[in-house]
Amino acid sequence: MEEIEAARVSIGAWTPQSVEVVAPDPSWPAAYDVARGQIVAALGERVLSIEHVGSTSVPGLWAKPMIDVDLTVADSGDEAAWLPDLEAAGFTLRVREPEWEEHRCLRGEEPAVTLHIFSPGAREPRRHRLFRDWLRTHAEDRDEYAAVKREVAARGFADVMRYNNAKGAFIYDLYEKVFAGDPSHDHDPHPRPPTVLVIGLDPYRVLGPWDPEPVATAIEAATVTLAERGYDATNCLVGLDGSDDIPAVVATALQSRPWDCVLVGGGIRKQADLLEVFEEIVNLVRRHAPHAAIAFNSTPESIVEAVDRAVR
């Protein structure tokens, strides 16, 4: 999310807006035609290619009611060559990512459009087309993706990028399947490592007197071992010294990305005075990571064993 915020172009105060996924709308292709006409009228021969991509370009797929368009211009980094005319046509620059294929993202309002701009040779538009064409011809994957989108949207995201992150694991796995099934694609498979969120107490912010060092050392050792075993693990360590809004911290961590496993540490689970905190954390996991395996360890030294038990 830090990278996303850095790429966003300031357009005034940001207003949270609920992410909505709706049933397929037969009017979406016509909305794309309107948007395409606006873009071509604004840029003329500067349009090198333009494509309807994203979920609204796949018949039968649930989607946000927003038309995704990929536009290729001679140099997407040369904003002076195309941005003023698109702004005059009603589009607003929202995202600037020079380090990622000079990607720019604009928003159109009538119809509602997300316009992605790239230069010739960019890889991302090719991936968009591969993904679209696969879903158009593989109904089972299309329907599974629709179910994922509906479930993720039901979690109540107020930021579309957090919504996108939450369904990212499915998309990554499907891209692996698409690339492997394309004989013309030179693909070196990289299966996604299982993601693990370890929720526990920060030993340095638990009231003493006691020595937090052995616990901190054991947590660090478990993190290293999880990485060695092929897990993509992240720690969410909360304090009991009043410095954390524990539910808010845990909810933010759970929403930050998709999780295959969430471990709730024994320090939270085994203390009677933290029973309500433990209950709230479990329900947050159910809400924000409903497909994750849930693991419980008894000591910091048994974190890896508990994750292995839940995931393997």
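The values are calculated or read from the model by the stated rules, or taken from the named source; none is laboratory data. Source: prediction; values computed, not measured. Cβ atoms come from the backbone with ideal geometry, glycine included; neighbour counts cover every protein chain shown. Heavy atoms of the whole protein, side chains included, go into the accessibility calculation; ligands, DNA and RNA do not. Shrake-Rupley method; radii C 1.70, N 1.55, O 1.52, S 1.80 Å.
Listed values, structure above:
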quantity: Matching residues, the stretch 147-166, being more than 11 Å from the chain's Cα centre (by Cα) and either surrounded by fewer than 16 Cβ atoms within 10 Å (Cβ to Cβ) or outside any helix (DSSP H, G or I) (or both); calculated: A147, R150, E151, A154, R155, G156, F157, A158
quantity: Qualifying residues in the stretch 136-146 (those that are over 21 Å from H190 (Cβ atoms) and in contact with a Lys or Arg (Cβ under 8 Å, 6 or more places away or on another chain)) - the one least open to solvent (accessible area, probe 1.4 Å); calculated: R142
quantity: Subset of the stretch 217-271 [among the polar types (S, T, N, Q), under 17 Å from S302 (Cβ atoms) and assigned to a helix (DSSP H, G or I)]; calculated: T217, T223, T225
quantity: Matching residues, the stretch 240-289, being open to solvent by less than 50 Å² (accessible area, probe 1.4 Å) and of a type in the set (S, T, Y); calculated: S256
quantity: Extreme residue, farthest from the chain's Cα centre (by Cα), among residues of the stretch 67-81 that are closer than 11 Å to L48 by Cβ and in a loop (DSSP other than H, G, I, E, B); calculated: A74
quantity: The listed residue being modelled with pLDDT of 95 or more, in contact with a Pro (Cβ under 8 Å, 6 or more places away or on another chain) and closer than 28 Å to R142 by Cα, out of A23, A63, A74, A30; calculated: A63
quantity: Complete set of residues in the stretch 290-300 that are open to solvent by 20 Å² or more (accessible area, probe 1.4 Å), farther than 22 Å from V148 by Cβ and either modelled with pLDDT of 95 or more or among the basic types (K, R) (or both); calculated: F296
quantity: In the stretch 82-104, residue most open to solvent (accessible area, probe 1.4 Å) [restricted to those that are of a type outside the set (A, V, I, L, M, F, W, C) and outside any strand (DSSP E or B)]; calculated: E99
